[in-house]
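Contents: one structure, followed by commentary.
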Amino acid sequence: MIYELSNPVTKTLITYLREEKSDAIRFRHTVAELTKQLVYEALKEFPLKQKIITTWQGEASFGVVDEENLIVVTVLRAGMPMLDSVMELLPNATAGFLAMKRDEITHKSVLYYDRLPDCRGKTILLVDPMLATGGSMSDALELIKGRNPLRIITLNIIGSPEGLKVVESAHPDVDIFIAQIDERLNDDKFIIPGLGDAGDRSYNTF
Ligand code: PRP
């Protein structure tokens, strides 16, 4: 399932990201805001667990997200502001890290760091702002699936129709929540109109 956000506020924030003059702090902040919107949408049907808390009227039971069964996996580098944003909302979730770099000649992703916690029976939120060819996302999903999670949901800021097709056909069981589906990929496999390279824009490495 692919779900694209349609709120005008979402579209406004995407426009800020496209603007070349948005500096790194604005860029990361906007990615973080969009991530929160994606989390709200992605966890809409998520079951609540009951928690007994002390309120001004004494002890009572209320619903909370079952954060202990939630793992947020980020793809470095560009996924870092997204991880921080999810962990601000759900601070008791567990974090996992994958580092991947897209080879600029072959356009294939190369894994160079894997620090995933025990994923058995857990719900995984895989976060990466860009889904271009879909290679990085597909590889990350395959790796995570090898660790036997219960379910995987991806959160992406911007993607191409071509890349989404690749991920959807390789992983039809995964739910993809994305803020913006753009027009296409260019010959260098960049998203058009897109926003440039999210890793470089987040960390001033041009
Ligand atoms: C970007 C992005 C994805 C990948 C998407 O990372 O964050 O991980 O490219 O491209 P794909 O769909 O064609 O695989 P990049 O390799 O630029 O690394 P970075 O995050 O360190 O900048």
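The values are calculated or read from the model by the stated rules, or taken from the named source; none is laboratory data. All figures in this text were calculated on a predicted structure; none of them were measured in a lab. Every residue, glycine as well, gets a Cβ built from its backbone with ideal geometry; the counts of neighbours run over all protein chains shown. Keep in mind that these areas ignore ligands, DNA and RNA; they rest on the heavy atoms of the full protein, side chains included. Shrake-Rupley method; radii C 1.70, N 1.55, O 1.52, S 1.80 Å.
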Which number in (1) at pLDDT below 95; (2) touching a helix residue (DSSP H, G or I) at 6+ places or on another chain (Cβ under 9 Å) marks the one condition that residue 104 misses? (2)
Cβ-Cβ below 9 Å, separation at least six or inter-chain, first residue in the range 1-12 and under 20 Å from residue 27 (Cβ atoms), second in a loop (DSSP other than H, G, I, E, B): which pairs? 11/5
Of all residues being in a strand (DSSP E or B) and more than 10 Å from the ligand (Cβ to nearest atom) in the range 75-95, which is most open to solvent (accessible area, probe 1.4 Å)? Just the residue, please. 94
Output for Cβ contacts, cut-off 9 Å, separation at least six or different chains, first residue near the ligand (Cβ under 10 Å from one of its atoms) in the range 193-206, second part of a helix (DSSP H, G or I) and of a type in the set (Gly, Ala, Ser), reads 201/24; 202/24; 203/24; 205/199
First in the range 96-115 and among the acidic types (Asp, Glu), second anywhere and open to solvent by 60 Å² or more (accessible area, probe 1.4 Å) and assigned to a strand (DSSP E or B), Cβ under 7 Å, 6 or more apart: 103/110
